[in-house]
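Values quoted throughout were computed directly from the atomic coordinates according to the rules given, and no laboratory measurement underlies them. What you see is a predicted model, and the numbers here were worked out from it, not measured in a lab. Using ideal geometry, Cβ is built from the backbone for each residue, glycine included, and neighbour counts are taken over all protein chains shown.
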Amino acid sequence: MLNNPRLKILIIDDDILFTDGIAIYLEDQGYEIFRADSGETGLKLLEKDRPDLILVDLIMPGLNGLQVLEEINEQTPDIPTVMISATGVIQDALDAMRKGAWDFITKPILDLEVLEHTIHKVLDRAELIRKNRDYQAHLETRTAELRAVNLQLLREVSDRKRAEKRIRQSEKKYRLLMENSGSAIAFLDREGRFVLVNTRMRDTLGLEMDRIIGQTIHSVLPEAAARKYMDRFQAVLRQKQSVSFDDLEQTALGLQWIHQNVQLVRDIDNEIIGIQFIGTDITRRKELEEQLVQTNDQLEEKVKQRTLELYQAKLLADSANMAKSEFLANMSHELRTPLHGILSFARLGIDRIDHISREKILDFLQEIHASGERLLSLINNLLDLSLLESGKTRYKFIDQPLSGLVEEAMTALAGRCREKSIRLDFEKPRFDDRAAFDTTRILQVINHLLSNALKYSPAESRIQIRIDENDQNLILSVIDQAIGIPEAELTDIFDKFSQSSQTNDGTGGTGLGLPISRQIILDHQGQIWAENNPSGGAIFSFSLPKQHTVKKKLGEILLEENVISEGTLYQMLRKQAGQ
């Protein structure tokens, strides 16, 4: 980049806050900033003063960024222009590049170092183009001078007796120009023998002068390179016009990109007397071009990746919203059903209090009580899930056998099993099945797994309960002969807004039991999962560590040791929270 500490940057953008922000940052970096709040104003400023770089917004009232870019390219096409856009659309970037933008940035620019890096990159490229243009002009001038000197030299050779002194002077001048040109130059006669080479060409070939001068191309270069350059040599002689090539060559100076200019050399009578090779090292230019291509490819890849991430995030959000809507609809149905029962039987009791028997009133009250119990269960499930997810649930871990809870749950479900003629099979394990867990919560998990199995199992089927162990855990499994679960849903059914498509028929459950069970098991440092029974039905299992490490808070320890009462602790916590 140019070493001038006060490079001028023109910012054309109608967003004043944005231009204020980047103007302050760029001025701190040593740039001189000019601002225009519209495309028309920016073009007028461009007529008065010539900036080193232009930042132009894509979307503006009046002339938009692409129209401004067209005007800039007509007036001053050599001023680098960077397009800025808040849309982040790859097509906008492509349109801007086709219109002549040197680079493209999306806003808001969260990291201003990215803007500075882009400015440096564009200014470096502009400087490289300027130097290359100057160098090409210089090279063409030098080449013209060399050609003129060479022709003059050939004319003087034809008249040796009269111009020996002039020939020596011209040869000295020609050599001086060759040495100072910065390019590798070689002159060969029509037979392909080296007549003259400069130091740069000697170093590129990696040979001493006496091993080059007078030798043919095949004697100096490796076989493959010799054939290539001899073919070019003969093509120039045959077509009688100069040619240029860009080659990646392994030279004595290393691996280099070389721009080869192969020219005819004529004498004073316009007769072809040989060929001149001019090789210019363009390795750095090729590296910069490759870096530019890679940067553009990386930018495109980042845009594609970000677009994919946003699309995936949208799909996840849509899925979550749909699951939540289904959950709320189902929950509304589940809450309305017992509430409707309570209100209906209460209304019937009120309307017929003077006309119905005591037994009928008792039936109404029992129906109201049953509906109230169901409503209470639903509300308790919601509260349980809320407490479990917030981490506020308190557990009381007691070392006890897991089989005792299984037997308790089986006793509670015995009546429902008899109604459907379903047999519960459980063989008490022959190993020590003791572990530390919260009795109420683990019983809640077992009851839910057994209730689910009982609910979806056909009449006169069997539900098996099994306790196994490994080195670290106890594993309880409930195996039914019910409808099973689709393989794709074996994990999703534990999400709080999900139900299996096999059971989600709008008539049963809120889908909260499994999420509650999963959270309880996770809080016990265990795992819960589902799989399909190969012989039909499903298997729900959970593991509990045999050795459970309980991390207790200071308040819990004080309560257990009777150092402080629960009410005092509550008041202290409220005071600490500033309530």
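If R0 is 56 Å, the Cβ-Cβ spacing of Ala226 and Asn64 corresponds to a FRET efficiency of close to 0.45. Across the stretch 136-281, the relative contact order, built from alpha-carbon pairs under 8 Å that are at least six residues apart, equals 23 percent. Counting Lys and Arg as +1 and Asp and Glu as -1, what is the net charge of the other residues whose Cβ lies under 12 Å from the Cβ of Ser421? That works out to +3. Pairs with C-alpha atoms separated by more than 31 Å, drawn from the list Lys173/Lys240; Lys396/Lys420; Lys228/Lys304; Lys396/Lys428, are Lys396/Lys420; Lys228/Lys304. Where does the Debye-calculated log10 I(q)/I(0) of the stretch 168-226 sit at q = 0.26 Å⁻¹, using only Cα point scatterers of equal weight, no solvent? Each listed q maps to, in turn, -1.13.
Each Lys or Arg adds one and each Asp or Glu takes one away; over the other residues whose Cβ falls under 14 Å from the Cβ of Asp28, this sums to -4. Within the shell defined by Cβ-Cβ distances under 15 Å, the residues around Asp15 carry a net charge of -3, with Lys and Arg each +1 and Asp and Glu each -1. If you count Lys pairs in the stretch 30-171 whose Cα atoms are under 24 Å apart, skipping same-chain pairs closer than 8 places in sequence, the total is 7. A simple spin-label model places the labels of Phe431 and Val89 6.4 nm from each other, with each point 7 Å out along Cα-to-Cβ. Between Phe542, Ala530, Ile520, whose Cα lies farthest towards the positive end of the dipole of the stretch 394-548 when Lys and Arg beta carbons carry +1 and Asp and Glu beta carbons carry -1, centred on the Cα centre? Checking the options against the dipole of the stretch 394-548, the answer is Ile520.
Taking 0.36 nm per residue of separation and subtracting the current Cα-Cα distance, fully stretching the chain between Asp78 and Thr439 would add 122.0 nm.
Neighbour counts of other Cβ atoms within 10 Å put Ile521, Ile282, Ile129 in the fewest-to-most order Ile129, Ile282, Ile521.
Using the average count of surrounding beta-carbon atoms within 10 Å as a protection proxy, the listed peptides 212-221, 97-106 rank, highest first, as 97-106, 212-221. Straightening the chain between Thr251 and Glu208 buys 14.0 nm, computed as 0.36 nm per residue apart minus the Cα-Cα spacing.
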